1. Suppose we filter the stretch 53-74 for residues that are under 12 Å from the mean Cα position of the chain (by Cα) and either among the basic types (Lys, Arg) or in a loop (DSSP other than H, G, I, E, B) (or both); how many remain?
2. Kindly indicate whether Thr13 is surrounded by 15 or more Cβ atoms within 10 Å (Cβ to Cβ) and either under 14 Å from Gly74 (Cβ atoms) or in contact with a Pro (Cβ under 9 Å, 6 or more places away or on another chain) (or both).
3. Could you say whether any residue in the stretch 45-55 is basic (Lys, Arg) and closer than 15 Å to Leu12 by Cβ?
4. Which number in (1) surrounded by fewer than 16 Cβ atoms within 10 Å (Cβ to Cβ); (2) touching a strand residue (DSSP E or B) at 6+ places or on another chain (Cβ under 6 Å); (3) among the acidic types (Asp, Glu) marks the one condition that Glu3 misses?
5. Given the options Leu42, Leu57, name the one that is in contact (Cβ under 8 Å) with a residue 24 or more places away in the chain and in contact with a strand residue (DSSP E or B) (Cβ under 7 Å, 6 or more places away or on another chain).
6. Pick from the stretch 16-41 the residues that are in contact with a helix residue (DSSP H, G or I) (Cβ under 9 Å, 6 or more places away or on another chain) and part of a loop (DSSP other than H, G, I, E, B): which of them is surrounded by the most Cβ atoms within 10 Å (Cβ to Cβ)?
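Please treat every number below as a calculation from the coordinates, not as lab data. Owing to the predicted nature of the structure, the values given are computational and were not obtained by experimental measurement. Every residue, glycine as well, gets a Cβ built from its backbone with ideal geometry; the counts of neighbours run over all protein chains shown.
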Amino acid sequence: MTEPIRARPGELTADEVVDALDSGRRVLITVEVVGTEKEVALRRRGDVYYCDTPTTLHSHDTEEGIRACLEGHGYVSPEGSED
């Protein structure tokens, strides 16, 4: 099994995350929840993208759906941003 990609919010773009998920990789985003570090696990099975947060598991049937989730929760850097 391939090691997951580990990142913190904003370290990856939505394109990088979606490309990794589409190639079969898992992406783990370390977030802070009430002062404690937790991981958000992102993966894809078949045509469904999954976002497993510390409080809930939700799914997205489209690439647009997972992109909206990643951007809406601040897990990825804004597209077009320069470091």
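1. Residues flagged as under 12 Å from the mean Cα position of the chain (by Cα) and either among the basic types (Lys, Arg) or in a loop (DSSP other than H, G, I, E, B) (or both) within the stretch 53-74 amount to 4.
2. On the way: surrounded by 15 or more Cβ atoms within 10 Å (Cβ to Cβ): yes; either under 14 Å from Gly74 (Cβ atoms) or in contact with a Pro (Cβ under 9 Å, 6 or more places away or on another chain) (or both): yes.
Criteria met by Thr13.
3. Keep residues of the stretch 45-55 that are basic (Lys, Arg), which gives 45.
If we keep only those that are closer than 15 Å to Leu12 by Cβ as well, we get none.
No, the stretch 45-55 contains no residue that is basic (Lys, Arg) and closer than 15 Å to Leu12 by Cβ.
4. Result: Glu3 passes all but (2).
5. On the way: Leu57 fails: in contact (Cβ under 8 Å) with a residue 24 or more places away in the chain.
Of the residues listed, the single one that is in contact (Cβ under 8 Å) with a residue 24 or more places away in the chain and in contact with a strand residue (DSSP E or B) (Cβ under 7 Å, 6 or more places away or on another chain) is Leu42.
6. Just the residues of the stretch 16-41 that are in contact with a helix residue (DSSP H, G or I) (Cβ under 9 Å, 6 or more places away or on another chain), to begin with: 17-18, 21-22, 25-27, 29.
Still in the running and part of a loop (DSSP other than H, G, I, E, B): 25-26.
On the way: Arg25: 16, Arg26: 18.
So, considering only residues that are in contact with a helix residue (DSSP H, G or I) (Cβ under 9 Å, 6 or more places away or on another chain) and part of a loop (DSSP other than H, G, I, E, B), the one surrounded by the most Cβ atoms within 10 Å (Cβ to Cβ) is Arg26.
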